[in-house]
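Heads up, the thing below is written out as structure tokens.
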Amino acid sequence: MPDPVRWWEMEMNASATPGLAVATAATGDRDRPALGAEGLSFSVDGRDLLKDVTIRFRPGEMAGLVGHNGSGKSTLLKLLARQQLPSRGLVRYGGQPVTALGAQDFARRIAYLPQDVTAAHAMTVRELVACGRYPWHGALGRFSALDRQKVEEALALTHLEPMADRLVDTLSGGERQRAWIAMLMAQDTECLLLDEPTSALDIAHQMEVLALVRRLSREKGLSVVVVLHDINMAGRFCDRLYALKAGELIAEGRPDEMMTPETLRHIYGIAMNVTRHPGLDIPLAYVC
Amino acid sequence: MTKRPGTSQAISPAPGGIGAAGPRATAVGDAAAGEVSLSGAAERPAVTGSARAVFPQAIRAHAGPAAVVAALMGLALLLAFRQAAPILAAPQPAPDAASAMAATLFFFSTLPRMATALLAGACLALSGALFQLVLRNPLASPTTLGISAGANLALVAAMLFMPGLLGFGRDLVALTGSLLAAGLVFLMGARHQFSPFSLVMSGLVVSLWCGALAAVLTLLNDRYLESLFIWGAGSLSQQSWTIPLSLLPKLALAGLLVVLLLRPLFLNELGEAGAKALGLRMAELRLAAIVIAVALAAFVTSAVGVIGFIGLVAPTIARLAGTRRPGAQLFWSTLIGAGLLFLTDTALMALAGQVADFLPTGAVTAIFGSPLLLILLPRLKTRHRVMQAPAAGRRVAAVFAGSRGGAALRVILPVAMLVLLLAVFFGRSPDMSFRLMPPALFGDLVALRLPRILAAFAAGMMLAAAGSILQRLTGNEMASPEVLGISAGATLGVAVAVFVIAAPGLFTQLGFSALGALAVLAIIVLTASRSGLQPERVLLAGIALGAMVDAVVGVIGATGDPRAIFLLRWMSGSTYGVTLEGAMLAGLAAALLLSLTALCRRWLDLLPLGASAASAIGVPLRPARLVLMGLAGLLSAAATTSVGPLSFVGLMAPHLARQLGFTRAAPQLLAACLFGGLLMVAADWIGRSAVYPYEIPAGLVSALIGAPFLIVLMRRGR
């Protein structure tokens, strides 16, 4: 990976000069826009929640943000999703600062799943999913055949057709999470940002939701950034992990690179060790 | 976790899959009906009868509200027809002068009145529904957010000081007033991220304050009193078609704008983060919707005065009748509101006959509306918010660091002594100059001043204690006896006393006001006891009852009975007539009740942790809440007899104490009591020396000065 501060320049050059574009196309991800942050800081009342984070997520990959409580994971995700404005620094998408995009333009490229999805209880699942088309048709535009088609696709992708006409209120936690992810699918973006999508779910539903996200990422070639508490879940489903500690990015790499006793101790500040999953040959972390 | 072997097929838009969605899309209300495909039929066997299967569902969604509207309108028309029948049956042209007069009255007074009722009801309900949707707050309405009261105050002020302004632009005056009120409420609500509960609390405070100021203005201008009262309480009586014809285009325009907002409002249901992530510009949506809603309410207030509760009740009925989508809620709320006010007004005309013109419909809707709110209470979802640690207190408390306010107390106590001494010995002399009391007049003046100062101090202390208790009990910093309707209950008690006994003595007044306060408290406790006296429910019940009592008092005022003026003076909270006996009584009550309150300080410390945490430590929740509420009720009743129901001391004093860093119950109570007493004494002093030789009632002074001060404090606390 090139010098992290300069990656967007390369990307912009790549799209501008054909020669470079050919040269980088071999790596497979250069032709798609990448999401990233440049010197991103966020402070409230003089307290730094995020300090000068520069990061580039690889297009088409599922990236996991991990770290201790209050490490700035969710803050970073909120800044990436433009839910909050950074104190300093920029969020870039495809090399461009996202501040250049209008609200709806942004929502056509990047979808965000908030941590709290208790709202929308008086909608049917299909109505909820159809909300995802707003960035495309706007406040007054017609709800076109394409919009309808995308909603049905999203319902099919998430296997929600049988409960499409049920009220969101009547769904279980896992089903509700799936309905919201279906809404993000209907939004038809290239990039998903998920803030702890599994926090209120039991272990079976955690598996269900994360497997769904991973499958969608693979099938549609989506870039996904997901905040996860559970390091083992993150290691199992993510292509790459990014660790935050006290508002700073301290490590990144493939799960088997990251899941070592030294790195884990550095991230969480507690002695941890790693073993192998007996059946799947993936790393499993545990506290010593 | 792929359940299908070939999931890639699911991505490509299979025609069957899309077609299958057709009928179900129609089911949720989309206009275009899709074709029924084979795969759809496989999934849903009954799909051949899709028209049959789909149609009832679409109808069912609208059947409930339609039935409600039909019932309201039918009943209203029936009543209206009974009045209209003799006139319509009379031969045309009229045979004699009397029937010609009746016909003229019918066509130019009764019919326009009905039209006004329909239109005003529709406007208010649409406004309320819009507020509820955009704020995602089932309690929002022009009444509860103080919008109508703001418009009312602006109109009263304009009428008294710049009558020319009204001819120039009556709507504009009302609109300015309500926008200012709305701005204030949202400014305060922003502190709590627009939590439904806090917003309504702030709205109520603004509403009460506007009411208090409007009352002072009318009090100072007696000759306008009666007609202002009738209009201010919302009278629909009409002399021509002007008002309904001017309301109609406004409602139509607002309706059109609302249609443009429908889709963003639907998205708004996803919650702040979700809607924002979809590219919805929340700030713009909120601004647009709130401006439309405020304008609708302001136009109605400008046309017919304050009509309470239609804006709150109509959307609630629409929701309970089964409307779900924002569009349907707006539509049906508007119709239900129109029907509701129409029915109320025709019923009023049928029952009251000739007096109807002087019985303000607005007050009547409040009398009917608030019990309805009480009934609906258990169906409203509220969430308990644990009180936040005082962020602002840190800054000030740093000055008295480590002492938990002990050092602050050492400063406050001498200041309190000084203020009390000044209040007794310093004042205005007949030549208008401020001077210390000459020793020669010592005996006379002390005998005049001491009772009222003692009464004011005792009342202030009791209100502050009641406010502290209620705020800790409910975890809401906007709770106070005024807001809870306890003071209004005391007022109602005195109103009854005034009308039953010609000249009630002090003890009778005290007794009746205590009875009124305790009656309100008892109803509140009874209606809220099913939820284990959950503070939110208690407060909401209090709000409803308070509004009802206010409406009753408003109706009494509108009758123009001379006793109403006595009541109004009493409500404004004058310490003018306090005798030494009354002052001693107030002091005694304060001493007794405050020492009882001190015994409960442990409970007060633990209750703000939240109900489950407090009961887990072993606080007996129900008895504790019952005792504390009883204390708060008695404290407010005793205080109300000497300083009136509207002083805001019960809100201000605990707030001041918290801002200074008194966080634990006992020091906070002590500091709040001192502040409360001092505030009341200062208000009394200002009241008797500001416009000397005239007097402004102390309760009004403290309300008028206190509420803006409170707002500033709360802003700084951010």
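Of the candidates A:Leu49, A:Leu65, A:Leu77, the single residue that is in contact with a Gly (Cβ under 8 Å, 6 or more places away or on another chain) and at pLDDT 90 or above is A:Leu49. Could you please let me know if B:Gly308 is over 18 Å from B:Met73 (Cβ atoms), away from chain A (no Cβ under 14 Å) and not in a helix (DSSP H, G or I)? Judged against the criteria, B:Gly308 is a match. Condition first: within 21 Å of the chain's Cα centre (by Cα), facing chain B (nearest Cβ under 8 Å) and hydrophobic (A, V, I, L, M, F, W, C). Can you find one or more residues in the range A:72-82 that meet it? Yes, some residue in the range A:72-82 is within 21 Å of the chain's Cα centre (by Cα), facing chain B (nearest Cβ under 8 Å) and hydrophobic (A, V, I, L, M, F, W, C). The single condition from (1) farther than 21 Å from B:Ala519 by Cα; (2) in contact with a helix residue (DSSP H, G or I) (Cβ under 9 Å, 6 or more places away or on another chain); (3) modelled with pLDDT under 80 that B:Arg622 fails is (1). For the range A:245-262, residues that are assigned to a helix (DSSP H, G or I) and under 14 Å from A:Cys288 (Cα atoms) total 2. All told, A:Asp147 falls short of being more than 21 Å from the chain's Cα centre (by Cα), charged (D, E, K, R) and over 18 Å from A:Asp105 (Cα atoms).
Conditions (1) within 13 Å of chain A (Cβ to nearest Cβ); (2) crowded, with 24+ Cβ neighbours inside 10 Å, marked per residue:
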| position | (1), (2) |
| --- | --- |
| B:Ala283 | yes, no |
| B:Arg286 | no, no |
| B:Arg319 | yes, no |
| B:Leu330 | no, yes |
| B:Phe342 | no, yes |
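Set side by side, the residues B:Ala613, B:Ala624 differ, and just one is surrounded by fewer than 17 Cβ atoms within 10 Å (Cβ to Cβ), assigned to a helix (DSSP H, G or I) and not charged (D, E, K, R), which is B:Ala613. If the condition is being charged (D, E, K, R) and over 23 Å from B:Gln471 (Cβ atoms), then the range B:577-620 contributes only B:Glu581. Collect the residues in the range A:169-188 that are over 16 Å from A:Gln149 (Cβ atoms) and within 10 Å of another protein chain (Cβ to nearest Cβ), keeping them in residue-number order. Scanning the range A:169-188 gives A:Trp180, A:Leu184. Here A:Arg214 meets the list (1) farther than 24 Å from A:Arg126 by Cβ; (2) within 11 Å of chain B (Cβ to nearest Cβ); (3) modelled with pLDDT under 90 almost entirely, failing just condition (3). Within the range A:147-159, the set of residues being more than 8 Å from chain B (Cβ to nearest Cβ) and not in a helix (DSSP H, G or I) comprises just one member, A:Thr158. Taking the criterion of being of a type in the set (D, E, K, R), closer than 19 Å to B:Gln132 by Cβ and at the interface with chain A (Cβ under 7 Å from one of its Cβ atoms), the only residue of the range B:266-279 that qualifies is B:Glu269. Taken over the range A:196-211, the residue count meeting the criterion of being within 13 Å of chain B (Cβ to nearest Cβ) and of a type in the set (D, E, K, R) is 2.
This table checks each residue for (1) basic (Lys, Arg); (2) facing chain B (nearest Cβ under 9 Å); (3) under 19 Å from A:Arg82 (Cβ atoms).
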{"residue": "A:Ala100", "(1), (2), (3)": "no, no, yes"}
{"residue": "A:Arg109", "(1), (2), (3)": "yes, no, yes"}
{"residue": "A:Gln115", "(1), (2), (3)": "no, yes, yes"}
{"residue": "A:Thr124", "(1), (2), (3)": "no, yes, no"}
{"residue": "A:Tyr134", "(1), (2), (3)": "no, yes, yes"}
{"residue": "A:Arg142", "(1), (2), (3)": "yes, no, no"}
{"residue": "A:Ala145", "(1), (2), (3)": "no, yes, no"}
{"residue": "A:Leu194", "(1), (2), (3)": "no, no, yes"}
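Taking the criterion of being more than 7 Å from chain A (Cβ to nearest Cβ) and of a type in the set (A, V, I, L, M, F, W, C), the residues of the range B:249-265 that qualify are B:Leu251, B:Ala252, B:Leu253, B:Ala254, B:Leu256, B:Leu257, B:Val258, B:Val259, B:Leu261, B:Leu262, B:Leu265.
The values are calculated or read from the model by the stated rules, or taken from the named source; none is laboratory data. Here the structure is a predicted model, which is why all the values come from computation and not from measurement. Glycine also receives a Cβ, built like all others from the backbone with ideal geometry; neighbour counts cover every protein chain displayed.
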